[in-house]
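Student: Quick one: the structure is below, questions incoming.
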Amino acid sequence: MAIYIKSPWEIEKMAKTGQLHSQIFAQIEPHIRPGVSTYELDQMILEAIHQVGGKAPQIGYRAGGQVPYPSATCMSVDDVVVHGFPSKRPLREGQLLKIDFLFTYDGYTTDMARTYAIGKVSPEAERLMRVTEEAFWVGLELLQPGKRIGDVAAMVQDFVERQHGLWCIREMVGHGVGRELHEDPQVPNYGEPGKGPKLRPGMTLAFEPMVALYPAKMVILADGWTATVGKGNLAAHYENTVLITESGPRLLTGSQKSVPARP
Ligand code: MF3
Ligand code: CO
């Protein structure tokens, strides 16, 4: 892998990809409710991807000896952090669903994930979702030229763990994205200021805080993909593809939050 600095024309292509990607999320959000299965949501997304002329690069994707990933999307419920397989089991009130997928359009890929409450969820689940999203906005402010990956990582960790008493997932990290699904650098959600690669304009990063209620070692189930922090624990995920520009971060997926990140 390598760090690819994208040219202005590549950035415009990625912005288009990201815009379509965000639209697909918006399009399926009204269907996320108790009773629907994650398989049905996955199929809706796949159809939407094809409708806009895009591709679902996760289908058949394998990383280092893994079995090929079977679906267009990752549908991760409750204690599953990432890489859950879509399932025909209907979603139930009170569950937390993470939808995460890579999307390719015109040769360029973006990465995006959101966490959804299925009906009414517990106050602690709500707090977990809120802090995870806020960690994204707090970290985003540091995605600036001259800062280092470790500055961002340490900020996310401090915000999540010291300020809010929750747990940053260690075993999965954000990453460069664009020409390939996974590019350098790795973008962890824990670390030390001043460490790691320096951010430069033209970098495009999947920045993705993944947070659990309680400290846990994440384990992969026998299916080779499903990543869980264990029954009784809960995880949330908030991810956008972000471009580093001279004047700071630019979101290529999602849209800028209207309220300030810091309470
Ligand atoms: N969107 C995730 C990521 O790259 C999932 C990729 S793994 C896959 O960060 F196999 F499911 F594609
Ligand atoms: Co990703």
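The values are calculated or read from the model by the stated rules, or taken from the named source; none is laboratory data. Model, not experiment: these values are computed from the prediction. Quick reminder, even Gly has a Cβ in these numbers, built from the backbone with ideal geometry, and neighbours come from all protein chains shown. Ligands, DNA and RNA are excluded from the accessible area calculation, which covers all protein heavy atoms including side chains. Shrake-Rupley method; radii C 1.70, N 1.55, O 1.52, S 1.80 Å.
Student: Which residue out of I32, I5 is open to solvent by 50 Å² or more (accessible area, probe 1.4 Å) and over 16 Å from D111 (Cα atoms)?
Tutor: Details: I32 fails: open to solvent by 50 Å² or more (accessible area, probe 1.4 Å).
That would be I5, the only listed residue that is open to solvent by 50 Å² or more (accessible area, probe 1.4 Å) and over 16 Å from D111 (Cα atoms).
Student: Test each condition in (1) within 15 Å of ligand 2 (Cβ to nearest atom); (2) open to solvent by less than 60 Å² (accessible area, probe 1.4 Å); (3) not acidic (D, E) for V229 and report the one that comes out false.
Tutor: (1)
Student: Testing E47 on (1) touching a residue at least 60 places away in the same chain (Cβ under 8 Å); (2) farther than 23 Å from V229 by Cα, one condition comes back false. Which one is that?
Tutor: (1)
Student: Considering only residues that are surrounded by 15 or more Cβ atoms within 10 Å (Cβ to Cβ) and more than 19 Å from D111 (Cβ to Cβ), look in region 45-86 and name the one that is nearest to ligand 1 (Cβ to nearest atom).
Tutor: V77
Student: Just one of (1) closer than 16 Å to G139 by Cα; (2) away from ligand 1 (no atom under 14 Å from the Cβ) trips up Q186, so point out which.
Tutor: Exception for Q186: condition (2).
Student: So, of the residues in region 59-77 that are under 13 Å from I99 (Cα atoms) and part of a loop (DSSP other than H, G, I, E, B), which turns out to be nearest to ligand 2 (Cβ to nearest atom)?
Tutor: Taking region 59-77 as the starting set, the residues that turn out to be under 13 Å from I99 (Cα atoms) are 71-77.
From the residues that got through so far, the ones that are part of a loop (DSSP other than H, G, I, E, B) too are 71-73.
On the way: S71: 15, A72: 14, T73: 12 Å.
Looking at residues that are under 13 Å from I99 (Cα atoms) and part of a loop (DSSP other than H, G, I, E, B), I get T73.
Student: Could you list, in sequence order, the residues of region 116-172 that are touching a Pro at 6+ places or on another chain (Cβ under 7 Å) and of a type in the set (G, A, S)?
Tutor: Answer for region 116-172, where residues must be touching a Pro at 6+ places or on another chain (Cβ under 7 Å) and of a type in the set (G, A, S): G119, A135, G139, G150, A153, A154.
Student: All but one of (1) open to solvent by 10 Å² or more (accessible area, probe 1.4 Å); (2) of a type in the set (S, T, Y); (3) closer than 21 Å to N240 by Cα hold for Y39; state the number of the condition that does not hold.
Tutor: (3)
Student: Please go through region 102-116 and give me each residue that is farther than 14 Å from I49 by Cα and of a type in the set (F, W, Y), ordered by number.
Tutor: Within region 102-116, just Y116 meets the criteria.
Student: Any chance region 94-110 includes a residue that's under 21 Å from P185 (Cα atoms) and away from ligand 1 (no atom under 15 Å from the Cβ)? It would help to see each step written out before you state the result.
Tutor: In the first step, residues of region 94-110 are kept if they are under 21 Å from P185 (Cα atoms); the result is 100-104, 107-110.
Filter once more, so that each one left must be away from ligand 1 (no atom under 15 Å from the Cβ): 107.
Yes, because at least one residue in region 94-110 is under 21 Å from P185 (Cα atoms) and away from ligand 1 (no atom under 15 Å from the Cβ).
Student: Another question, if that's okay. Looking only at region 177-207, count every residue that is aromatic (F, W, Y) and within 12 Å of ligand 2 (Cβ to nearest atom) and tell me the total. Full working, then the answer.
Tutor: Restricting attention to region 177-207, the residues satisfying the condition of being aromatic (F, W, Y) are 190, 207.
Retained after the next criterion (residues that are within 12 Å of ligand 2 (Cβ to nearest atom)): 207.
Selection size over region 177-207: 1.
Student: What number goes with the only condition from (1) more than 25 Å from G165 (Cα to Cα); (2) touching a residue at least 40 places away in the same chain (Cβ under 8 Å); (3) under 17 Å from the mean Cα position of the chain (by Cα) that M129 does not pass?
Tutor: Of (1) more than 25 Å from G165 (Cα to Cα); (2) touching a residue at least 40 places away in the same chain (Cβ under 8 Å); (3) under 17 Å from the mean Cα position of the chain (by Cα), only one is false for M129: (1).
Student: Of all residues in region 78-94, which are under 21 Å from the mean Cα position of the chain (by Cα), more than 16 Å from ligand 2 (Cβ to nearest atom) and under 15 Å from Y39 (Cβ atoms)?
Tutor: The first filter runs over region 78-94 and keeps only residues under 21 Å from the mean Cα position of the chain (by Cα), leaving 78-87, 91.
Still in the list and also more than 16 Å from ligand 2 (Cβ to nearest atom): 78-79, 85-87, 91.
Result: F85, P86, S87, L91.
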